[in-house]
Amino acid sequence: MNTTITTLIALVAMGQGVPSKYDWPQWRGPNRDGISQEVGLLKKWPKEGPPKLWTVSGLGGGYSTPSVAAGRIFGMSYRGNDEVVWALSEKDGSPLWTTKIASKGKVGYNEGSRCTPTVDGDRVYAVGVSGDLVCLDVNKGEILWSKNYGKDFGGRMMSGWGFSESPLVDGDWLICTPGGDKAALAALDKKTGKTIWTSAIEKAGGAGYSSIIKTEVGGVKMYVTLLGKSGGVVGVRASDGKYLWRNTAVVNGTANIPTVVARGDYILYSTGYGDGGMALLKLKVDGENVTAEQVWVTKAKEMQSHHGGFVVVGDHIYLGRGHNNGFPTCAEFLTGKPAWREDRGPGTGSGCIAYADGMLYLRYENGVVALIEANPNEYKLVSTFRIPQPSGRPSWPHPVIANGRLYLRDQDNLHCFDLRQVN
């Protein structure tokens, strides 16, 4: 029998399911950029929204965006005094397992977990509010190894709202952000948790609320993320964690949140609050040295992302603009010049964005979800609907598009909608 077929049969027998190229196995999707490669999705929704397949309640509180991989959905929550990682069936949302990883943390905005679990084969990795990094078996939820950012690395956050990153798997390594000056970033053996290297960064400023991405410029592979105000956006060499460059043009001292987007030699980043804004950097490599040259910078009132992120499609940036707002906005990637911008949005509060099949999915804090054409020539709002059974509490998880479905987490509830066109 074909080896691939044998492997798939074994996975199904274990209850793991079969991986799909349209899974959403980590924070912001397969490439950490908020973009799905799926096609054949609805271009317009009924008045009540895309058909709802199911709703699961009782998940517990938190802002954790779910991940979807190999027939399973993974997320994190507070349940009572416990912080847990949970797994559901992708088919119908039925529970598979729940594992306590820590006790409830003592932080601000303490509704629950922030991290999106990262799925890699038969393992899943997650970070708790108090810096508990865990590796679990995807089938049983058994904890295989664990670390704590504070105790094991001298790590800390930039402010008091708890660790929020989603760790990155790169080959045999797990890359994470403890946030200390001696271990701002760290690479661990993903199977054992053994430390490979730590990245010492002077005045790191603590871990930000962002998550690491990987990029390569001029043959130099590097990891890039947002740290605290003094740390800024930084790049470290992937092979050994050596500090390479930083930029602090639009960082703030409260919370640096959105995940960076890399495109070729360019790095695009943004933060909220009064000191925030958006900046495009061009990385240049000269032997062992890497420098980050500012291409353009906007002020906070001109263009910024609070915590809803942004996507780059073609030659343009799309986002919900503004601090505690999600005003639909499109700008040129290379210049930052607005292509179009709205001063009101279809929903209220911060807007989280994702892209699939020519359309933007903008999910608002108040539960409104909008479908907008990714068209740099004009703003075209196509459809809106409101999440059913709204929790009435901060609803910040990002939209997830996986295998023809839209997943929307709202604190205790997870809603699943069918996005596929009916022929």
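The values are calculated or read from the model by the stated rules, or taken from the named source; none is laboratory data. Keep in mind that this is a model prediction, so the values were computed, not measured. Cβ sites come from the backbone with ideal geometry, for glycine too, and all protein chains shown count toward neighbours.
Considering only residues that are charged (D, E, K, R) and either under 23 Å from SER230 (Cβ atoms) or in contact with a Pro (Cβ under 9 Å, 6 or more places away or on another chain) (or both), which ones fall in the stretch 255-281? Give the derivation first.
Kept after step one, since they are charged (D, E, K, R), are these residues of the stretch 255-281: 263, 265, 275.
Scanning the stretch 255-281 gives a single hit, ASP275.
Residues THR254, THR259, THR271: which one is surrounded by fewer than 23 Cβ atoms within 10 Å (Cβ to Cβ) and within 18 Å of GLY206 (Cα to Cα)? Can you show your working first?
On the way: THR259 fails: surrounded by fewer than 23 Cβ atoms within 10 Å (Cβ to Cβ); THR271 fails: surrounded by fewer than 23 Cβ atoms within 10 Å (Cβ to Cβ).
None of the other options fit; the residue is THR254.
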Handout entry: Output for the stretch 68-80, where each listed residue is in a strand (DSSP E or B) and of a type outside the set (A, V, I, L, M)
Key = ARG72, PHE74, GLY75, SER77, TYR78, ARG79
Practice task
Go through the stretch 86-129 and give me each residue that's over 14 Å from THR65 (Cβ atoms), not charged (D, E, K, R) and not in a strand (DSSP E or B).
Solution key: GLY93, SER94, GLY105, VAL107, GLY108, TYR109, ASN110, GLY121, GLY128, VAL129
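Can you say whether ALA200 is modelled with pLDDT of 95 or more, under 23 Å from GLU83 (Cα atoms) and touching a Lys or Arg at 6+ places or on another chain (Cβ under 8 Å), as far as the supplied structure shows?
Numbers: modelled with pLDDT of 95 or more: yes; under 23 Å from GLU83 (Cα atoms): no; touching a Lys or Arg at 6+ places or on another chain (Cβ under 8 Å): yes.
Spelling it out, it is not the case that ALA200 is modelled with pLDDT of 95 or more, under 23 Å from GLU83 (Cα atoms) and touching a Lys or Arg at 6+ places or on another chain (Cβ under 8 Å).
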Handout entry: Residues satisfying the stated conditions in the stretch 320-365, i.e. charged (D, E, K, R) and without any contact (Cβ under 8 Å) to a residue 60 or more places away in the chain
Key = ARG321, GLU332, LYS337, ARG341, GLU342, ASP343, ARG344, ARG363, GLU365
Completion exercise
Matching residues in the stretch 345-372 (under 12 Å from PRO328 (Cβ atoms) and not in a strand (DSSP E or B)) number 3
Completion exercise
Over the stretch 53-86, the set of residues in contact with an Asp or Glu (Cβ under 8 Å, 6 or more places away or on another chain), under 20 Å from SER395 (Cβ atoms) and not hydroxyl-bearing (Ser, Thr, Tyr) is LEU53, TRP54, GLY58, LEU59, GLY60, GLY61, GLY62, VAL68, ILE73, MET76, GLU83
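Can you tell me which residue in the stretch 373-390 is nearest to the chain's Cα centre (by Cα), limited to those that are farther than 21 Å from THR65 by Cα and assigned to a strand (DSSP E or B)? It would help to see each step written out before you state the result.
Taking the stretch 373-390 as the starting set, the residues that turn out to be farther than 21 Å from THR65 by Cα are 373-383.
If we keep only those that are assigned to a strand (DSSP E or B) as well, we get 373, 381-383.
Working: GLU373: 22, LEU381: 24, VAL382: 25, SER383: 24 Å.
Taking the candidates together, the pick is GLU373.
Please verify whether LEU188 is under 17 Å from the mean Cα position of the chain (by Cα), assigned by TED's automatic domain parsing to the domain that holds ALA102, in a strand (DSSP E or B) and not β-branched (Val, Ile, Thr), treating the condition exactly as stated.
Values: under 17 Å from the mean Cα position of the chain (by Cα): no; assigned by TED's automatic domain parsing to the domain that holds ALA102: yes; in a strand (DSSP E or B): yes; not β-branched (Val, Ile, Thr): yes.
No: the conditions fail for LEU188.
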Practice task
Could you check, for the stretch 118-125, whether at least one of its residues is of a type in the set (A, V, I, L, M, F, W, C) and under 19 Å from the mean Cα position of the chain (by Cα)?
Solution key: yes
Exercise for the section: Report whether or not THR195 is out of contact with any Lys or Arg (no Cβ under 8 Å at 6 or more places or on another chain), of a type in the set (Val, Ile, Thr) and buried (at least 18 other Cβ atoms within 10 Å of the Cβ). Expected result: no
Completion exercise
Picked from the stretch 110-137 (must be modelled with pLDDT of 95 or more and among the charged types (D, E, K, R)), the residue farthest from PHE163 (Cα to Cα) is ASP122
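Quick one: in the stretch 373-401, of everything that is touching a Pro at 6+ places or on another chain (Cβ under 9 Å) and aliphatic (A, V, I, L, M), which residue is nearest to ILE35 (Cα to Cα)? Give the steps one after another, and end with the answer.
Residues of the stretch 373-401 that are touching a Pro at 6+ places or on another chain (Cβ under 9 Å), as a first pass: 379, 381, 383-385, 397, 400.
Cutting the leftovers down to aliphatic (A, V, I, L, M) gives us 381, 400.
On the way: LEU381: 19, VAL400: 10 Å.
Result: VAL400.
For residues that are polar (S, T, N, Q) and crowded, with 16+ Cβ neighbours inside 10 Å, scanning just the stretch 392-423, find the one that is farthest from TYR209 (Cα to Cα). Break it down into steps so the answer makes sense when it comes.
The initial filter retains those residues of the stretch 392-423 that are polar (S, T, N, Q), namely 395, 403, 411, 413, 421, 423.
If we keep only those that are crowded, with 16+ Cβ neighbours inside 10 Å too, we end up with 395, 403, 411, 413.
On the way: SER395: 17, ASN403: 28, GLN411: 19, ASN413: 23 Å.
Filtering first and then ranking leaves ASN403.
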Handout entry: Scope the stretch 153-181; condition touching a Pro at 6+ places or on another chain (Cβ under 8 Å) and not in a loop (DSSP other than H, G, I, E, B); matching residues
Key = PHE153, LEU174, ILE175, CYS176
Fill in the blank from the handout: Residue set ILE196, ILE175, ILE267; condition farther than 20 Å from LYS151 by Cβ and outside the structural domain of ALA331 (by TED's automatic domain parsing); output residue ILE267
Fill in the blank from the handout: Pairs returned, first residue in the stretch 402-423 that is without any contact (Cβ under 8 Å) to a residue 60 or more places away in the chain, second residue that is of a type in the set (S, T, N, Q) and surrounded by fewer than 21 Cβ atoms within 10 Å (Cβ to Cβ), beta-carbon separation under 8 angstrom, 6 or more apart or interchain, are ASP410/GLN389; ASP410/SER391
Exercise for the section: Could you tell me whether ASN324 is assigned to a loop (DSSP other than H, G, I, E, B), under 20 Å from the mean Cα position of the chain (by Cα) and buried (at least 22 other Cβ atoms within 10 Å of the Cβ)? Expected result: no
Problem - Every residue from the stretch 37-67 that is farther than 30 Å from SER103 by Cβ, part of a loop (DSSP other than H, G, I, E, B) and not acidic (Asp, Glu) - result: GLN37, VAL39, GLY40, LEU42, LYS43, LYS44, TRP45, PRO46, LYS47, GLY49, PRO50, PRO51
Exercise for the section: Quick one: GLU83 ticks every box in (1) of a type in the set (Asp, Glu); (2) farther than 20 Å from ALA356 by Cβ; (3) part of a loop (DSSP other than H, G, I, E, B) except a single one, so which number is it? Expected result: (3)
